[in-house]
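Visitor: Please read through the structure below; I'll follow up with questions.
The values are calculated or read from the model by the stated rules, or taken from the named source; none is laboratory data. All values derive from a computational prediction rather than experimental measurement. Counting neighbours? That spans all protein chains shown, and the Cβs are built from the backbone with ideal geometry, glycine included.
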Amino acid sequence: MSVEAVVLDIDGVLVDVADSYRRAIVESVMHVYDDTIPKADVQSFKNAGGFNNDWELTHATALYILACQEGFDRDLAAFTDAIEASGGGLEGARTVVVNAVDPDTRERIHAKWKRDRLTDVFQQLYLGSELYRDFYDSEPDLDTSGFVYDEPVLAASETIDTLTKRWDVGVVTGRPATEAAIALDRVGLTVPDKYLFTMDSETPGKPAPDALIELAERLDANRIAFAGDTLDDIQTATNATETDPDRDYYGIGVQTGGLSDEDGRQAFKRAGAHAVIEHVDSLPMILDE
């Protein structure tokens, strides 16, 4: 692809989050509402688009559970399909529920929908009690060890070494900055702050192209590869191309985040991926082709 810079997502690309973030999603809903979805079904929300923020995905999962408790009769696949048709993300989920139930039912659902509590439980489960105290300067009400320690590194050190020696490297992630730092330290990837965009950055999150375009400008690059594990990541590259046609943006699907096997490959291709790789360790090789 003769690219001048490489931009990486973190979750599902550099570290495996199946037993951390995705586990925190389903267990947070279980803790608050005593019901949840299977962990594997989190991918259905990801595929619907607009769920780069796992707190919002947790809120949408809880909304589905609460709606079902009030008689909502769609299975999860139909619910997430409807979210996609409604524009994706949390607002799409709200639209689906609003259109499916009567006003009294809607009011009961919203009265029980405790988004702040869900986020707080999520952070306690993910960080664990010790890190939660450090990060929030607050005493947790759950005694947890932290799923953050259950994130296997996906990228080999040789891959990180090759990428950083041969290309300028940036990161665009939906993680908060403090949690991005934990993952990057574990991976062994040092990224200057000006080349790192997180949940805490002022730019809109994926699939909005703003962070990717800003990175291209800061990296002074005209040909940029963006490797991510979700369809939103590919859409981010597509949106960047449309918004900034003077540069070339290449979306690369990485299959270690949930879109695996041939079905995942085809989903990436339909979304407009320029290439699909099974593992981030293959990235340097395809960039040389």
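Visitor: Quick check, is GLU214 assigned to a loop (DSSP other than H, G, I, E, B) and either surrounded by 14 or more Cβ atoms within 10 Å (Cβ to Cβ) or of a type in the set (Asp, Glu) (or both)?
Guide: no
Visitor: Within segment 245-289, how many residues are touching a helix residue (DSSP H, G or I) at 6+ places or on another chain (Cβ under 6 Å) and part of a loop (DSSP other than H, G, I, E, B)?
Guide: Total satisfying the criteria: 6.
Visitor: Give me the residue from segment 25-75 that is surrounded by fewer than 24 Cβ atoms within 10 Å (Cβ to Cβ) and polar (S, T, N, Q) and, out of that set, farthest from LEU231 (Cα to Cα).
Guide: Step by step, filter segment 25-75, then rank; the result is GLN69.
Visitor: Further question: Of all residues being at pLDDT 95 or above and among the hydroxyl-bearing types (Ser, Thr, Tyr) in segment 1-24, which is surrounded by the most Cβ atoms within 10 Å (Cβ to Cβ)? Just the residue, please.
Guide: Ranking the qualifying residues of segment 1-24, first place goes to TYR21.
Visitor: If a residue has to be charged (D, E, K, R) and exposed (fewer than 13 other Cβ atoms within 10 Å of the Cβ) to count, how many in segment 109-149 make the cut?
Guide: Total meeting the criteria: 7.
Visitor: Here's something else I'd like to know. Applying the selection to segment 270-289, what residues are without any contact (Cβ under 8 Å) to a residue 12 or more places away in the chain and surrounded by 14 or more Cβ atoms within 10 Å (Cβ to Cβ)?
Guide: The answer is SER282, and nothing else.
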